[in-house]
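J.: Below is one structure. I have some questions about it.
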Amino acid sequence: MFHGPGEAITIEEFPLPELRSGEALVRVSLCTICGSDLHTFTGRRTTPCPTILGHEIIGRIAALGPDQPLVDLRGRILSVGDRVTWTIAASCGDCFYCGEGLTQKCRDLFKYGHERIAPGHALSGGMAEYCHLSQGTGILAVPDLLSDKIACPVNCATATVAAAVRSAPPIEDRVILIQGAGMLGLTAAAMAGSLGAARVVVSDPDAERLARAAAFAATDTVDASSGGEELKKVVGDLTDGRGADTIFEFCGAPAALEAGLDCLRIGGSYLWAGSVAPSTPLALAPERVVRNLWTISGVHNYTHRDLDSALSFLCEHGADHPFEELVEGVYPLSAAQTALERAGAEGSLRLGLRMEAE
Ligand SMILES: [Zn+2]
Ligand SMILES: [Zn+2]
């Protein structure tokens, strides 16, 4: 249980919940620590406390609510024992935003790993033995061909990348720039490669992270630690000086966003997904957006269909790249404090937690 930044994680026990119709109880097989868990852990973003952190979760259904059969997003009837992933949030399906297809902005959003522990629904996070799924959660059965380590990030990192790619123009034969070589950036590079990008340029200020990019379909890598000049030169050389067709940002650094704008061609699209914590404002003259006919889009979380396409992507291409290695260690739940501290350390991509250590 997380009580707030700087306070020790505690181990607590709760009775298993009485499930209502449309709900499920999942025994957690693995929970990976996402960057936003670390934002919460360190206090860069606030969350209601006490809470159980963790939203990148995979597990097996341990119990189902009464009455109607529970079906997954592909129409499959779910049974006890099925291996599943699910959307990081449950949505009502009735409000204005759900009607607009923006289920991640539902007025009654229930977000796993971000909910204050409540009577009758204590188990809402992945850093636990069980997770209690609400009605309105998009669930997907996960085939056994995907290991826990490959499948676990599908419901946050992979699905967010799928949402960004869906929000972008077609990628085939285009020059794509990806900023950030963490879990999301590497996944985006692999996805861009699978979609037939002409070039996939990946930039990051961390040489160790950048070194992995080639194995994830990056054709060019750029060390971003010395500012944006080198990036501008590499992208310019690849595009006859025009700039990248589409840029995906997964790093959240205002300086990187400013450097990216210098690499975007006339009529290009820039997808921003990394800025999920407060930062300083950008220096951007509106005239540049107008005269360059730029499209700049924010991508935050994803909708149910993005989880579906993310899972399909991993099933088809998960073995083409070393996704398994991106989860660099698995800790027992009792060491959650240590795992959260180490996950924030330099160069670390994902650490996992499960009941028993490997
Ligand atoms: Zn996440
Ligand atoms: Zn809603």
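Bear in mind that the values in this text are calculations on the coordinates, not laboratory data. Small disclaimer: the values here were computed from a predicted structure and weren't measured. Cβ atoms come from the backbone with ideal geometry, glycine included; neighbour counts cover every protein chain shown.
J.: DSSP beta bridges in the chain, what fraction antiparallel, as a percent rounded to 5?
T.: Details: 26 of 53 bridges.
Antiparallel: roughly 50 percent of the beta bridges in the chain.
J.: Now for a separate question. Scan around Val327 for amide H atoms under 5 Å from its own, H built in the peptide plane at 1.01 Å from N, and keep only partners 5 or more places away or cross-chain.
T.: none
J.: To continue, here is another question. Cα centroids of the stretch 200-261 and the stretch 87-162: how far apart, whole angstrom?
T.: 31 Å
J.: Amide H of Ile296 versus every other amide H placed in the peptide plane: which residues, excluding those fewer than 5 positions away on the same chain, fall under 5 Å?
T.: The answer is Tyr270.
J.: On a straight-distance basis, which aspartates and glutamates could pair with Lys232 in a cross-link, Cα separation under 16 angstrom, same-chain partners fewer than 8 positions away excluded?
T.: Straight-distance partners of Lys232: Asp204, Asp220, Asp223, Asp240, Asp245, Glu249, Glu258, Asp262.
J.: Let me ask something else about it. Using a 10 Å cut-off around each Cβ, can you sort Glu229, Glu324, Glu249, Glu115 from fewest to most neighbouring Cβ atoms? Walk me through the numbers on the way to the answer.
T.: Values: Glu229 10, Glu324 13, Glu249 25, Glu115 21.
Going from sparsest to densest Cβ surroundings: Glu229, Glu324, Glu115, Glu249.
J.: Enumerate the amide H contacts of His55 below 5 Å, restricted to partners 5 or more residues apart or on another chain; note that Pro and chain-start residues carry no placed amide H.
T.: Amide H neighbours of His55: Cys34, Gly126.
J.: Here is a follow-up. Between Asn292 and Ser21, what is the FRET efficiency for a Förster distance of 51 Å, r being their Cβ-Cβ separation, to the nearest 0.05?
T.: Numbers: r = 52 Å, r/R0 = 1.02.
The value I calculate is 0.45.
J.: Next up: What aspartates and glutamates sit close enough to Lys105 to cross-link, taking a C-alpha to C-alpha distance under 16 Å and skipping anything fewer than 8 places away on the same chain?
T.: By straight Cα distance, Lys105 reaches Asp94, Glu115, Asp306.
J.: Still on this structure, please answer the following. Kindly put Met191, Met1 in sequence by how many other C-beta atoms sit within 10 Å of each C-beta, fewest to most. Can you show the working numbers first?
T.: Numbers: Met191 26, Met1 20.
Exposure proxy ranking, most exposed first: Met1, Met191.
J.: Per residue of the chain, what 222 nm ellipticity follows from adding -39500 (n - 2.57) for every DSSP H run with n ≥ 4, rounded to the nearest 500?
T.: Roughly -6500 deg cm²/dmol at 222 nm, from the helical runs in the chain.
J.: Under 24 Å between alpha carbons, and skipping anything fewer than 8 positions from Lys149 in its own chain: which lysines qualify?
T.: Those lysines meeting the cut-off are Lys111.
J.: Of Val234, His300, Val222, which is farthest towards the positive pole of the stretch 213-358's charge dipole, taken about the Cα centre with +1 and -1 on the beta-carbons of Lys, Arg and Asp, Glu respectively?
T.: So the residue furthest toward the plus end is His300.
J.: Arrange the following residues from fewest to most other Cβ atoms within 10 Å of their Cβ: Leu64, Leu177, Leu78, Leu184.
T.: Details: Leu64 20, Leu177 30, Leu78 17, Leu184 25.
Sorted ascending by nearby Cβ count, the order is Leu78, Leu64, Leu184, Leu177.
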